[in-house]
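K.L.:
This is the structure I want to talk about, given as structure tokens.
Every read-out reported here was derived from the displayed coordinates using simple, explicitly stated rules and does not represent laboratory data. Just so we're clear, the structure is a prediction, and the values are computed from it rather than from any experiment. Cβ placement follows ideal geometry from the backbone for every residue including glycine, while neighbour counts extend to all protein chains displayed.
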Amino acid sequence: MDLLQQSASIWKELPEYCYVFTYGYKKQLYSIHLTFSLKDFPHLAGFQYMKDISLPNYTSAKIADRILENKITLHQIQSALQYEKMIKPRLEALVHLK
């Protein structure tokens, strides 16, 4: 499994999780709920930086599925000019997110 497939696979599992952070400020408790949505994957993976390449037009929520089905491949993504600087670091971070 390549880096793109690993990140998509891990992101597919994350909607099952919800992290709740509770903090106190001026004698009152506040909660932050951190959830994950499949539609957020393309942005967090840096797809907005691939303006110089053309990919099939899939909905944001389906991109992780299309990567796992090999309809979008790492080879396609690597041809983007911003891959090394803006996309690869994001994919590496997503792999370690869980």
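K.L.:
Any residue that is within 21 Å of S9 (Cβ to Cβ), touching a residue at least 24 places away in the same chain (Cβ under 8 Å) and not charged (D, E, K, R) - is there at least one of those in the stretch 29-36?
P.N.:
Checked against the condition, which is being within 21 Å of S9 (Cβ to Cβ), touching a residue at least 24 places away in the same chain (Cβ under 8 Å) and not charged (D, E, K, R), the stretch 29-36 yields at least one hit.
K.L.:
If you go through the stretch 19-37 one residue at a time, do you hit one that is loosely packed, with under 10 Cβ neighbours inside 10 Å, among the basic types (K, R) and either over 13 Å from the mean Cα position of the chain (by Cα) or not in a loop (DSSP other than H, G, I, E, B) (or both)?
P.N.:
yes
K.L.:
Does T73 satisfy the criteria of being among the polar types (S, T, N, Q), touching a residue at least 12 places away in the same chain (Cβ under 8 Å) and over 17 Å from D40 (Cα atoms)? Talk me through it step by step, then tell me what you get.
P.N.:
Values: among the polar types (S, T, N, Q): yes; touching a residue at least 12 places away in the same chain (Cβ under 8 Å): yes; over 17 Å from D40 (Cα atoms): yes.
Against the criterion (among the polar types (S, T, N, Q), touching a residue at least 12 places away in the same chain (Cβ under 8 Å) and over 17 Å from D40 (Cα atoms)), T73 qualifies.
K.L.:
Looking at the stretch 68-90, which of the residues that are closer than 18 Å to K12 by Cα and among the charged types (D, E, K, R) is surrounded by the fewest Cβ atoms within 10 Å (Cβ to Cβ)? Show your work before the answer.
P.N.:
In the first step, residues of the stretch 68-90 are kept if they are closer than 18 Å to K12 by Cα; the result is 68-74, 90.
Filter once more, so that each one left must be among the charged types (D, E, K, R): 69, 71, 90.
Numbers: E69: 10, K71: 14, R90: 16.
Out of the qualifying residues, it is E69.
K.L.:
Here is a follow-up. Checking A64 against (1) among the small types (G, A, S); (2) outside any helix (DSSP H, G or I); (3) in contact with a helix residue (DSSP H, G or I) (Cβ under 7 Å, 6 or more places away or on another chain), which single condition isn't satisfied?
P.N.:
(2)
K.L.:
Next up: I need the full set of residues from the stretch 37-57 which are among the polar types (S, T, N, Q) and free of Cβ contacts under 8 Å to residues at least 24 places away in the same chain, in order please.
P.N.:
Within the stretch 37-57, Q48, S54, N57 qualify.
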